[in-house]
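Shown next, in structure tokens, is the structure this report addresses.
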Amino acid sequence: MNLKRYIIELGVGTDLHGQDVTKAATKAVRDAISRSCLCGLVEVFNLKNLNEMVVKVHVAAPYPELVRTEEVLNQIPFGRKDITVSKGGMEVEGMLVPGLGDSVNSILVVNVCVTVYVDLDWNQNLFG
């Protein structure tokens with residue numbers, strides 16, 4: 001495979017109540033992919049099946065071990081998907097509201113980077 005980056009998008013997601021890093025991570029992925037139209041994959045690269053692209057997601061979360069990776073990847077509608085989770089993001093003081101699922105008074109912030117790759121070897125007629 002001759003993978004080349006096509007687009008990189010960054011996203012931020014929060015969980016204001018409940019301290020659920022997965023909820024914040026899914027919001028961050030939706031934030032990242034909501035600003036892109038990948039029309040060049042079809043119009044320039046002549047991609048016939050969007051599941052042929054490779055999508056790598058890097059999640060930076062305050063509690064990386066608690067991220068439910070399948071739920072995060074389910075936000076990506078197409079492609080061969082891969083995920084990496086590392087420590088990052090932020091936890092800041094919020095407001096404790098037990099009725100909203102809070103166990104502590106913190107807000108979780110998660111950052112993501114979503115990178116879409118194309119395999120230049122899949123159609124050598126375009127480039128060679």
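Nothing in this text is a laboratory measurement; each read-out follows from the coordinates by a stated rule. This is a predicted model, so every value here is computed, not measured. Here the Cβ is made from the backbone with ideal geometry for all residues, glycine too, and neighbour counts use every protein chain on show.
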| Set of aspartates and glutamates with alpha-carbon distance to Lys87 below 17 Å, sequence-local pairs under 8 removed | Asp15, Asp20, Glu65
| query | If you look at just the Cα atoms of the chain, how large are its Rg and its Dmax in Å? | reply | 17.2, 61
| field | Highest average packing first - 30-38, 16-24, Cβ atoms within 10 Å | value | 16-24, 30-38
| Per-residue ³J(HN,Hα) for segment 81-97, Karplus 6.51 cos²θ - 1.76 cosθ + 1.60, θ = phi - 60°, Hz, x for Gly and Pro | 9, 9, 9, 10, 10, 9, 6, x, x, 7, 10, 10, 5, x, 10, 7, 10
| field | Whole-angstrom gap from segment 42-61 to segment 70-87, using each part's C-alpha centre | value | 12 Å
| request: Please get the size of the charge dipole for the chain, origin at its Cα centre, with Cβ charges of +1 on Lys and Arg and -1 on Asp and Glu, quoted in debye to the nearest 20. | output: 320 debye
| request: Of the options Val112, Val55, Val29, report the single residue whose Cα projects farthest towards the positive end of the charge dipole of the chain (beta-carbon charges: Lys, Arg +1; Asp, Glu -1). | output: Val55
